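The next block holds one structure in the form of structure tokens; read it before the comments.
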């Protein structure tokens with residue numbers, strides 16, 4: 001057998017393996033990634049599945065009597081917040097929220113609009129808070145993170161927001177949520193989040209930032225940034241043992 | 001060294017890999033954390049990267065290693081090539097999973113690392129096996 005004829009199968013095998021590895025990596029990303037909704041614009045993904053059966057009330061996700069509370073300060077446009085929401089949150093929900101050990105509060109803070117001169121964050125936080133009035137805030141927030149576009153690009157159009165609201169699904173009045181998001185009804189909630197952020201973290205807030213602690217008490221542990229999953233599980237496990 | 005020894009080496013390494021992947025698959029379906037030298041195994045097992053469209057990654061690893069073992073038993077050049085290709089796929093995908101542990105999860109699972117080491121050794125041995133001519137393979141080709 002000549003040298004070339006010996007190498008040919010090796011090259012074919014290596015080439016095939018590279019293609020398969022790339023396909024597997026893409027599949028692993030997609031398996032928790034986005035599926036387009038019926039209108040083809042909004043990714044509905046596995047958010048409904050992740051949140052299914054977990055109580056929501058206003059900004060809260062999880063058992064109100066959970067031992068620990070995690071407060072999330074994030075901006076819907078912030079890429080790191082989106083990364084955390086897509087990669088870390090599902091594991092925390094499955095392990096701690098679904099089992100009643102942890103509840104999470106969402107505090108939408110607008111840190112990007114002032115830098116870009118746009119209004120995308122404001123519009124998305126408003127919609128989330130309006131959804132909170134129907135106890136579907138978390139569905140909207142996670143849909144917003146799943147459908148992030150470039151910061152300051154003006155992507156949070158009326159059609160985009162309506163698409164997000166429509167994607168929440170049964171039991172949610174999308175039209176009402178969009179309508180309420182444009183009223184002053186959500187302003188107190190927006191102000192409350194901003195005030196809490198400044199009080200607990202300071203005026204130089206970077207997103208995402210998290211506060212963890214016993215429910216009903218002061219959240220003592222601060223986690224800044226989209227830290228790896230283990231940073232959160234270590235902190236939560238340590239507090240649960242106390 | 002002969003083709004036969006390399007084939008045995010491939011089968012033995014794949015058997016070790018199958019053992020590790022089999023144990024991780026067992027603990028996954030049992031719902032219990034694997035026995036682990038660090039706290040990383042449970043964190044990795046509960047992470048979103050432990051499943052591919054709902055199928056445990058460990059189960060895919062087990063099936064891959066069992067297929068590699070089968071490829072050493074079925075003496076046909078195309079099957080041999082498929083087995084070697086799976087060994088390379090195992091290496092590449094394990095490298096990606098190592099990256100995920102390092103950058104996304106922030107914790108290492110000792111079983112996963114063991115599996116990654118097995119695939120790191122298995123891949124070059126499998127390539128060598130492919131390069132060695134097998135008399136029976138040649139007869140099948142001609």
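Averaged over the residues of peptide B:39-50, the number of Cβ atoms from other protein chains lying within 10 Å of each residue's Cβ is 5. Remark: mean inter-chain Cβ contacts per residue of B:105-117 equal 2, using a 10 Å Cβ-Cβ cutoff to other protein chain atoms.
The distance from the alpha carbon centre of the range A:88-126 to that of the range B:59-106 is 38 Å, rounded to a whole number. Among the residues of A:9-18, the average count of other protein chain beta-carbon atoms within 10 Å of the residue beta-carbon is 6.
Angle of helix B:57-73 to the longest C-alpha principal axis of chain B, folded into 0 to 90 degrees and rounded to 10: 20°. Relative to the dominant Cα principal axis of chain A, helix A:229-241 is inclined by about 50°.
When chain A is treated as a GNM, springs tying every alpha-carbon pair under 10 Å, which of A:27, A:85, A:128 comes out with the largest mean-square fluctuation? Among A:27, A:85, A:128, the largest mean-square fluctuation in the Gaussian network model of chain A belongs to A:27. Note the angle between two axes, namely the Cα long axis of helix B:3-30 and the longest principal axis of the Cα atoms of chain B, as a number of degrees from 0 to 90, rounded to the nearest 10. Orientation of helix B:3-30: about 20 degrees from the principal axis.
Here, each number is a calculation from the coordinates, and none is a lab measurement. What you see is a predicted model; the values in this text were computed from it and never measured. Note that each Cβ is placed from the backbone with ideal geometry, even for glycine, and that neighbours are counted across all protein chains shown.
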